[in-house]
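The values are calculated or read from the model by the stated rules, or taken from the named source; none is laboratory data. The structure presented is a predicted model; accordingly, all values stated were derived computationally and were not measured. Neighbour counts run over all protein chains shown; Cβ positions are idealised from the backbone, glycine included. We work out accessible area using only protein heavy atoms, side chains counted, and drop any ligands, DNA or RNA first. Shrake-Rupley method; radii C 1.70, N 1.55, O 1.52, S 1.80 Å.
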Amino acid sequence: MNQMLTKRKKLKLESDSGWGYAFIAVALIAFSLFTAYPVINAFIISLQKYRPLGSTYVGLENFVNSFSDELFWKALKNTLVYTLLTVPFNIFLSFLVAILIMPFKKRTQTIFKAVYYLPAVASGVSLAVVWLWIFDPLKSGIANQVVGLFGVSNQNWLGSSATAMFSLVLMSWLSSHGTAIIIYLAALLSIDNSYYEAADIDGATFLQKLRYIVIPFLKPTTLFLLVTGVIGSFQVFQNAYLMTGGGPDHATTMVGLLIFNNAFTYFEFGEAAAQSLLLAAVIALISFFQFKILGKDIEY
């Protein structure tokens with residue numbers, strides 16, 4: 001009798017497992033085709049002098065060439081500078097806007113969220129065209145008109161090494177923060193009102209509530225936005241490609257743009273694959289330290 005019950009339970013478990021694998025089959029196939037296979041193939045290509053009609057195995061030569069390439073290190077430095085200047089400020093700005101939206105009624109909050117999120121739906125190319133118009137080096141450019149009010153002469157914003165990186169950073173500061181604002185607002189609304197009521201009874205000020213209630217409760221959200229923001233900024237390509245092309249004098253060449261140029265301009269697919277793997281390793285290392293340092297007292 002016990003043996004029959006055991007067999008039935010085993011068959012039921014196997015049946016449940018089969019249905020489980022069936023439900024995740026589509027996602028598993030998509031992951032295998034569009035994530036796992038490209039990564040494995042990139043590793044194979046990185047060990048070759050890749051040519052469509054016949055590749056030659058070169059071992060770690062592509063990695064050695066990347067480490068000895070001054071442009072690769074300059075691109076990595078540019079990407080790091082861009083990340084340090086954009087990610088913290090963008091997170092702070094999104095948090096500030098979410099705090100300002102929170103006191104409004106639900107319908108008004110929805111309007112604000114829609115307005116802030118709308119640019120994220122627009123094409124990146126169309127946004128780049130608008131920013132090219134803003135940074136027009138002629139007097140008609142909006143940026144030059146603004147600085148002209150303070151007596152500053154016309155600037156070649158995207159054509160000068162002194163201002164090209166700042167122009168891309170400014171574009172990031174003033175671009176869409178809709179996703180982060182919505183995430184922060186959802187996290188703010190999930191905080192129980194009893195904490196605020198207790199703080200009111202104790203006579204806490206707005207800044208004290210912010211420091212001892214809001215910021216601690218939002219640490220997991222902030223960590224998530226920080227990690228994803230760093231990953232996104234290290235992979236930045238579109239803005240540099242459309243706005244400056246990496247110039248002038250490679251002042252805005254990011255690692256993503258360098259990889260693209262090596263692969264599709266110079267057809268050095270092996271070196272591009274090696275640099276993409278190095279970029280992935282850098283992102284993984286930074287993400288690890290972010291979780292290690294900032295995620296100590298966070299519950300998920």
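Can you tell me the length gained on complete extension of the stretch Arg51 to Lys74, counting 0.36 nm per residue apart and subtracting the Cα distance? Could the numbers behind the result be given before it?
Numbers: separation 23, 0.36 × 23 = 8.28 nm, distance 2.72 nm.
Between Arg51 and Lys74, full extension yields an extra 5.6 nm.
Taking N as the number of residues in segment 89-213, what is its Cα Rg relative to 2.2 N^0.38 Å?
Working: Rg = 19.5 Å, N = 125, 2.2 N^0.38 = 13.8 Å.
Expressed relative to 2.2 N^0.38 Å, the Cα Rg reads 1.42.
Please find the FRET efficiency linking Thr265 to Leu84, where r is the Cβ-Cβ separation and R0 is fixed at 30 Å, and quote it to the nearest 0.05. Numbers along the way, then the final one.
On the way: r = 28 Å, r/R0 = 0.93.
E between Thr265 and Leu84, to the nearest 0.05, is 0.60.
Would you kindly derive the ³J(HN,Hα) couplings of segment 211-220 from the backbone phi angles with the Karplus curve 6.51 cos²θ - 1.76 cosθ + 1.60 (θ = phi - 60°), listing them in order in whole Hz, with x for Gly and Pro?
6, 9, 10, 5, 4, x, 5, 8, 4, x
Could you give the accessible area per residue of segment 140-212, probe 1.4 Å, as a whole number in Å²? All intermediate terms of the calculation are to be shown ahead of the outcome.
Details: 4220 Å² over 73 residues.
Accessible area per residue, segment 140-212: 58 Å².
Expressed as a whole percentage, what fraction of the accessible surface of the chain belongs to carbon and sulfur atoms when a 1.4 Å probe is rolled over the protein heavy atoms? Write out the running numbers ahead of the final one.
Details: 13080 of 18980 Å².
Carbon and sulfur atoms account for 69 percent of the accessible area of the chain.
Percent relative contact order of segment 213-300, based on C-alpha pairs within less than 8 angstrom and at least six residues apart?
That works out to 32 percent.
What is the packing order of peptides 276-289, 258-271, 18-31, taking the mean over residues of other C-beta atoms within 10 Å and listing the highest first? Present the calculation step by step, with values, prior to reporting the outcome.
Working: 276-289: 15.2, 258-271: 19.0, 18-31: 10.0.
The most tightly packed comes first, giving 258-271, 276-289, 18-31.
Could you tell me how far the Cα centroid of segment 96-162 sits from the Cα centroid of segment 184-230, in Å?
Centre-to-centre (Cα) distance: 28 Å.
Using only Cα positions of the chain, each an equal point scatterer, no hydration layer, compute I(q)/I(0) via Debye at q = 0.14, 0.15 Å⁻¹ and quote the log10 values to two decimals.
-1.19, -1.26
Can you list which of the trypsin sites (Lys or Arg not before Pro) found in segment 67-114 are DSSP loop residues with at most 13 other C-beta atoms within 10 Å? Numbers along the way, then the final one.
On the way: sites: Lys74, Lys77, Lys105, Lys106, Arg107, Lys113; in loops: Lys105.
For trypsin sites (Lys or Arg not before Pro) across segment 67-114 that sit outside H, G, I, E and B with at most 13 neighbouring Cβ atoms in 10 Å, the list reads Lys105.
Go ahead and estimate [θ] at 222 nm for the chain from helices alone: -39,500 (n - 2.57) per DSSP H run with n ≥ 4, summed, over the residue count, rounded to 500. Don't skip to the answer; put the middle values down first.
Working: 15 runs with 206 residues, N = 300.
So the helix-based figure for the chain works out to -22000 deg cm²/dmol.
Quick one: which residues, 5+ away or cross-chain, put their amide H under 5 Å from the amide H of Lys49? H built at 1.01 Å from N.
HN-HN under 5 Å from Lys49: Thr56, Tyr57, Val58.
Please express the shape of segment 162-289 as an equivalent ellipsoid: the semi-axes are the square roots of 5 times the eigenvalues of the C-alpha gyration tensor, given largest first in whole angstrom.
41, 17, 11
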